[in-house]
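K.L.:
Here it is: the structure, laid out below.
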Amino acid sequence: MSNGTQDSAQVSSVQEAAAEVAHVISADVDLQIAGDDDKEMKPLNDAVRSLPSDAVKDLSSKEVCVRCIFRLFGVQVPDISLSQQSILRNFLGQQTESIKQLEDTEPKSCSICLGVLQFTYCDDKERSVKKESANDLAVTIANLVKKEGYQIDSFSLEVSLPPIILENENMAWSYVKNKYGSELWFQERSLSNRIYAKEALKSALANPLGALLFCRMSSVSSFRIRLTYTHAKATKTVQNFIERNEGCKRRKVGTENGLDSVKDGSVSTSEANTITQRSSDGLLDNNSSEVYDLPLEKVNEPCRLECLFNRTPIYFGGRYLKYSRNVSQTRWIIDDERMGEASIEEIIGGNILPLCRGDNYKFHAAGREDIDVRMLGSGRPFLVEIQNARQVPSELFVKEIETKINNLENRLIRVKNLKVVGSEGWTLMREGESEKQKQYTALVWISRPLQDEDLQSISSIKEMQILQRTPIRVLHRRSPLEREKIIHWINIDKIAGSSQYFLLHLCTQAGTYIKEFVHGDLGRTNPSIGSILGCRAEILQLDVTEVKMDCFLDE
């Protein structure tokens, strides 16, 4: 089946599920409202019946939507359409006159939530979209999730609202406080009982989204749905209000790609929320008899909604072996010219990424070898971080990836012990890096024949401390420092038929520059093989034969 056919099938599946969920939700609401004795509905019914009709009518005349009126008094409204008048009338008991007025005067765009809780918004093409209920909005979101092809078993929901909505909420409460504060019903209520717009929206979407996506909402889920509402005019309005109340100098706020941008010292959205909360708390604590009008400024346009999905990174850990002397660890470009025939990160990451259907990847390794150095033995530990993966790999899937990499035609590298690891993979790598030892084999040439006493003097070296200044060859990109390193042991193997060539085997502390330890780097590494033997020494080939770390070894 083609990807297009699969996507169509997935969307169709979601639409069918949506219809079923809508039917279930509607039926549940009917049953709940019909049964006043229901334990879960009775407190809600009692709370709604206790709403002060004068304040409800007053807020309605200020173009406040029904859901905002309810939540200002701490009443969570079920996800029902405002067109279902009979349900709402039953829901409000004796206050049929008040709710009829609310239905007749429901504003086009709420002066407090700017249409967010009316499920009205502008899409990415600046078209105005109106959904009848949270369930309808959930269907749209679920369709987008399925279209992207995410494989999920849970989700978290994040909502970002323009700071003016919080400001309007506080101003509305302040308005009610100053106008009705002396009445008994107000004195019996608390600001802490009100439901903020962000929480009201999340609560309304949680159940229908869970039913449509066939999974539960969890704050610790690796898959995040983020709804970002922005409003350029509203942002500028709250900016001006903050400046007036905080006494700060005038700042400019611009918008870029529909999101708030910060320029010339202006406050960010998160900062605005903090300042808004602080300034609004001051309003709420103010016992002045002044009555605040609603809203700060009339805003007719709905917010722009951007729906984004993201999965926390998936980490693949393992070890790689490199058999070529013309492969760099990472992609290496100098003056638009590629160095080497390939890179390890591209071979490994480039094969994992499309199979996980992620956005991009990052490659991390426990140290690195030069492009002309082979990596042998048990291999070098590495991590590949796949960002925003749609496909969650199984153990079998991971083995298939490893097999695919190892069967590439050129066979430049090999991967061992590939597995999905958590963030603890970072800890294993970092702990091992500071303590690890590395073993090497080098082909060395010296300017005179090798003597038996040379073998004895070199092989007797144990735990020798050397001092290395930053090598000349990397001085252009590394800080000029002096480093103390330890040479744990050295052995020499003669090469038959040659008195000036030999194989040098050594074990060193991590971070030792082996090439410089052989030739001395014009005296910048001391002692060196050249200085110990009292002659010129050159390294012709180098292999890393072991990286002694505990992570990602055979189980």
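The values are calculated or read from the model by the stated rules, or taken from the named source; none is laboratory data. All values derive from a computational prediction rather than experimental measurement. Here Cβ is always computed from backbone atoms with ideal geometry, including for glycine, and neighbour counts include all displayed protein chains. Each accessible area value is taken on the protein alone, full model and side chains, heavy atoms only, with ligands, DNA and RNA left out. Shrake-Rupley method; radii C 1.70, N 1.55, O 1.52, S 1.80 Å.
K.L.:
Can you find even one residue in the stretch 154-161 that is open to solvent by less than 50 Å² (accessible area, probe 1.4 Å), at pLDDT 95 or above and β-branched (Val, Ile, Thr)?
P.N.:
Looking through the stretch 154-161, at least one residue is open to solvent by less than 50 Å² (accessible area, probe 1.4 Å), at pLDDT 95 or above and β-branched (Val, Ile, Thr).
K.L.:
Which residue pairs have Cβ atoms closer than 7 Å, lie 6 or more positions apart in sequence or on different chains, and pair a first residue in the stretch 400-418 that is closer than 21 Å to Glu385 by Cβ with a second residue that is in a loop (DSSP other than H, G, I, E, B)?
P.N.:
As it stands, the answer is Ile413/Tyr323; Asn417/Phe552; Asn417/Leu553; Asn417/Asp554, since those pairs meet every condition given.
K.L.:
In addition: In the list Ser528, Ser459, which residue meets the criterion of being of a type in the set (Ser, Thr, Tyr) and in contact with a Gly (Cβ under 6 Å, 6 or more places away or on another chain)?
P.N.:
Among Ser528, Ser459, only Ser528 is of a type in the set (Ser, Thr, Tyr) and in contact with a Gly (Cβ under 6 Å, 6 or more places away or on another chain).
K.L.:
Among Ser324, Ser378, Ser343, which is surrounded by 20 or more Cβ atoms within 10 Å (Cβ to Cβ) and farther than 30 Å from Val145 by Cα?
P.N.:
The conditions single out Ser343.
K.L.:
Of everything in the stretch 89-138 that's on the phi > 0 side of the Ramachandran plot and open to solvent by 10 Å² or more (accessible area, probe 1.4 Å), which residue is modelled with the highest pLDDT?
P.N.:
Among them, the one singled out is Glu126.
K.L.:
Part of a helix (DSSP H, G or I) and either among the charged types (D, E, K, R) or surrounded by 13 or more Cβ atoms within 10 Å (Cβ to Cβ) (or both): which single residue out of Arg473, Arg477 fits that description?
P.N.:
Only one candidate passes the filter, namely Arg473.
K.L.:
Cβ-Cβ below 9 Å, separation at least six or inter-chain, first residue in the stretch 326-338 and closer than 18 Å to Leu542 by Cβ, second charged (D, E, K, R) and assigned to a loop (DSSP other than H, G, I, E, B): which pairs?
P.N.:
Within 9 Å, the pairs are Asn326/Glu341; Asn326/Asp372; Val327/Glu341; Ser328/Arg368; Ser328/Asp370; Gln329/Arg368; Gln329/Glu369; Gln329/Asp370.
K.L.:
Is the stretch 186-201 home to any residue that is open to solvent by less than 20 Å² (accessible area, probe 1.4 Å), within 27 Å of Val56 (Cβ to Cβ), in contact with a strand residue (DSSP E or B) (Cβ under 8 Å, 6 or more places away or on another chain) and in a helix (DSSP H, G or I)?
P.N.:
Within the stretch 186-201, one or more residues are open to solvent by less than 20 Å² (accessible area, probe 1.4 Å), within 27 Å of Val56 (Cβ to Cβ), in contact with a strand residue (DSSP E or B) (Cβ under 8 Å, 6 or more places away or on another chain) and in a helix (DSSP H, G or I).
K.L.:
Sort out which residues of the stretch 525-554 are charged (D, E, K, R) and open to solvent by 40 Å² or more (accessible area, probe 1.4 Å), and write them in order of number.
P.N.:
Arg536, Glu538, Glu546, Lys548, Asp550, Asp554
K.L.:
Considering only residues of the stretch 202-226 that are in a helix (DSSP H, G or I) and among the aliphatic types (A, V, I, L, M), which is most open to solvent (accessible area, probe 1.4 Å)?
P.N.:
Ala211
K.L.:
What are the pairs, 6+ residues apart or on separate chains, where a residue within the stretch 312-325 that is hydrophobic (A, V, I, L, M, F, W, C) has its Cβ under 9 Å from a residue that is assigned to a loop (DSSP other than H, G, I, E, B) and crowded, with 18+ Cβ neighbours inside 10 Å?
P.N.:
The qualifying pairs are Ile314/Gly358; Ile314/Ala389; Ile314/Pro393; Phe316/Pro393.
K.L.:
Right, something else. Considering only the stretch 490-524, how many residues are surrounded by 15 or more Cβ atoms within 10 Å (Cβ to Cβ) and outside any strand (DSSP E or B)?
P.N.:
Residues flagged as surrounded by 15 or more Cβ atoms within 10 Å (Cβ to Cβ) and outside any strand (DSSP E or B) within the stretch 490-524 amount to 12.
K.L.:
Kindly establish whether Lys57 is modelled with pLDDT of 85 or more, closer than 25 Å to Ser182 by Cα and over 37 Å from the mean Cα position of the chain (by Cα).
P.N.:
no
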